[in-house]
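First comes the structure, then the notes that go with it.
Bear in mind that the values in this text are calculations on the coordinates, not laboratory data. Predicted model only: the values in this text are computed from it and were never measured. Note that each Cβ is placed from the backbone with ideal geometry, even for glycine, and that neighbours are counted across all protein chains shown.
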Amino acid sequence: MILNGVLDNLRLFELKLEILTPTIITSTVGYRGFVHESLVHFIPGSILRGALLSEAIRVGSLEKEDINRLALSPDFALTPLLAIGKRGENLNHISPLKDSLVAHALSYTSKWPGEKRVKSPGAVRLKNESAWKLIRELFLKAKHGELGWGPGEGVSIEGRPVRRVNRHWEVVGTGDWTMAYVEVGIDRSRGASAPGILYAYEFLKPGCTYTGLMAVQKNSLLMKFLNEREKIKLYLGRGLSRGFGGAKLTMRKINPEEIQTNWIKNEIKSGEKVVFMALSPVFIDDRFPPIPVPPKKGDELVLDFNWYTKMLGEALNVKLKVKLVYGRKRASWVYRGWSLRTGTPKAPIKFQGMGSLLVCEATNAIPNHVALFLPVLGLGPSASFGFNQLIPLEQDPFWGEYR
């Protein structure tokens, strides 16, 4: 694999983030804004990006003009951070991709407490077989006692974080990672307590730990900030002025070979059908008006020419023609946000969720060193927000255990 040129231009980091103080990253808001549920399974790339750039300004490493340049012309990419465990567990050996993944749309486990092993009928078979046929085959094996649980005891875990334990994969248990901050509701018209109303913020407990990847161009302004430290104190989510949101980010510089695995496809040939797993939310914005929407059969995912020229020095002219999209629970989510940089609302993004499976046909070949970086660099600059990152599957990592 030709990686010398890549190493000259790109820096690759393994990230581990540990929650230090109760953290509120709101995922859903209930009745009249009185109930806020928090994200638990992962921390979006957009949250991490905002926290990094804010801290760079706070400590004086970068000026606001530098942040504007990075925002308008990004030269870095980062993945969502996936839950891997809690403080006190041995988590040092867990690496992104090799040991930490998101469960894809054909992943199942048992409903029984304590049973966490991940089972799949083989996602790569979607090139030639229907999802329904594969799921039926999996549950017939359950019926015959080959999986350790019965056909009525399986449950989909699409989009959940999983980690490798010895030779198999297990769902990361996050059931006890949150608590609720409950206070008396306020009647805004009177400025007094609202009778019979409470409001609650769910928050992550200290010690929850996440991992992911980040790629940064060697000459990026961001490197000025990153080169000064291996551990960074960050502030995430809501309630920062009240002590919420403290986290410690630990970075380890790694070589590209460290993210290679035998189940990630090394090279994609022209005209080849490949099954891609969405490591992060996926959307396209090539329609008019350019509103980001989930890809569907017949669409084309385009590897951005300018992005790959900048990041890898590789001039690519590749489109991935979508033949099939399969995602069950987390299809077509909507992301909205507010930009502190511009003081305006962000455009809504409707996307195909993490763990979705896409069968695509490449119009041209994708070299091995480019295919290796698809899970990080994704389709284009949207990867700087943690969007559009795809893993080309050589084989299903969750399949071999009962095959």
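Given the peptides 37-49, 385-397, arrange them by the average over their residues of other C-beta atoms within 10 Å, most packed first.
385-397, 37-49
Pick out the long, greasy-scoring helices in the chain: whole DSSP H runs spanning 15 Å or more along their own axis by Cα, mean Kyte-Doolittle at least -1.0.
Helix filter hits for the chain: 45-58, 131-143.
Run through the range 140-205 and list the trypsin sites (Lys or Arg not before Pro) located in a DSSP loop whose Cβ has at most 15 other Cβ atoms within 10 Å.
167, 188, 190
For the chain, take the alpha-carbon Rg, divide it by the Kirkwood Rh, and send me Rg/Rh.
When Rh is taken as the Kirkwood radius, the ratio is 0.97.
Could you state, as a whole-number percent, how many of the C-alpha pairs of the range 56-171 are farther apart than 21 Å?
Percentage above 21 Å: 54.
Could you quote the convex hull projected area for the range 103-160, Cα atoms only and averaged over all directions, in nm²?
3.8 nm²
Give 273/297; 86/205; 98/319; 64/310 a once-over and call out the pairs whose C-alpha atoms are over 18 Å from each other.
Check vs 18 Å cut-off fails for 98/319; 64/310.
Taking 25 Å as the cut-off for C-alpha to C-alpha distance, list the pairs among 141/323; 16/127; 141/269; 16/116; 231/346 that go past it.
141/323; 16/127; 141/269; 231/346
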